[in-house]
């Protein structure tokens, strides 16, 4: 795959299968191609060669709106808008129950913050979420991804702006909330690897290792694979 207008491949000979319900981490240096894989799965771009299949169906044959309903995407920099907390969480869904909103907020670790605010989920959020901390914005992003109960979660540095205690809380809640779901995680924080069973190492747009989490992390420590962190 190469981005439009680029002479160089962002990904070369990248091919792998992820089983339904499997939790996989993509590991590699900045610019190695990890986020590109997320964008391809989301259908934001189409592969130059080959295909992305979900349940055996080429994503080019799936309506983009339907594809994004079955995939929950958490970006490193969550895009928020001026409006209520409720509106920011439920932007992509309709007819959602109050209980579903609360469950999503709990998974995102923002439930306590919301509960202590006089207006609760009706609190106003400034443009781009300027009234929230970086960690709170990421929590809203996680809640937004959870609200539709998708089968697949793409998590791109979902806790990078959180402190250690906040990250630990999110990790524990994600472990519970994503049971039976498929996860493709990007993170340089090794604590989040507790969410996964498998690691794929990407370097310069190529897969250089793919295997069980314990074996890959040991190979990285011993220098057998090369430095991906």
Query raised in the report: Given the residues 8, 81, 1, 16, which is the only one that is within 30 Å of residue 122 (Cα to Cα) and either at pLDDT 95 or above or loosely packed, with under 12 Cβ neighbours inside 10 Å (or both)?
Result: 81
Query raised in the report: Do we find that residue 39 is in contact (Cβ under 8 Å) with a residue 12 or more places away in the chain, out of contact with any strand residue (DSSP E or B) (no Cβ under 7 Å at 6 or more places or on another chain), in a helix (DSSP H, G or I) and in the same structural domain as residue 176 (by TED's automatic domain parsing) in this structure?
Result: no
Report task. Answer with yes or no whether residue 167 is free of Cβ contacts under 8 Å to residues at least 60 places away in the same chain and either in the same structural domain as residue 11 (by TED's automatic domain parsing) or at positive phi (or both). Result -> yes
Query raised in the report: So which of 31, 21 is surrounded by fewer than 16 Cβ atoms within 10 Å (Cβ to Cβ), within 27 Å of residue 160 (Cβ to Cβ) and without any contact (Cβ under 8 Å) to a residue 12 or more places away in the chain?
Result: 31
Query raised in the report: Can we say residue 118 is in a loop (DSSP other than H, G, I, E, B) and out of contact with any helix residue (DSSP H, G or I) (no Cβ under 9 Å at 6 or more places or on another chain)?
Result: yes
Query raised in the report: Within the bounds of segment 95-102, is there any residue that is in the same structural domain as residue 143 (by TED's automatic domain parsing), within 23 Å of residue 181 (Cα to Cα) and in contact with a helix residue (DSSP H, G or I) (Cβ under 7 Å, 6 or more places away or on another chain)?
Result: yes
Report task. Being surrounded by fewer than 18 Cβ atoms within 10 Å (Cβ to Cβ), within 29 Å of residue 6 (Cβ to Cβ) and touching a strand residue (DSSP E or B) at 6+ places or on another chain (Cβ under 7 Å) is the filter here, so list the residues in segment 175-209 that pass it. Result -> 208
Report summary line: Counting only residues in segment 55-78 that are more than 17 Å from the chain's Cα centre (by Cα) and surrounded by 14 or more Cβ atoms within 10 Å (Cβ to Cβ), the one farthest from residue 156 (Cα to Cα) is identified as 62
Query raised in the report: All but one of (1) assigned to a strand (DSSP E or B); (2) at pLDDT below 95 hold for residue 191; which doesn't?
Result: (1)
Requested in this report: Please enumerate the residues belonging to segment 21-36 that are in a loop (DSSP other than H, G, I, E, B) and touching a strand residue (DSSP E or B) at 6+ places or on another chain (Cβ under 9 Å).
Outcome: 21, 22, 28, 29, 32, 33
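The values are calculated or read from the model by the stated rules, or taken from the named source; none is laboratory data. Everything numeric here is computed off the predicted structure, so don't read it as measured data. Positions of Cβ are backbone-derived with ideal geometry, glycine not excepted, and every protein chain shown enters the neighbour counts.
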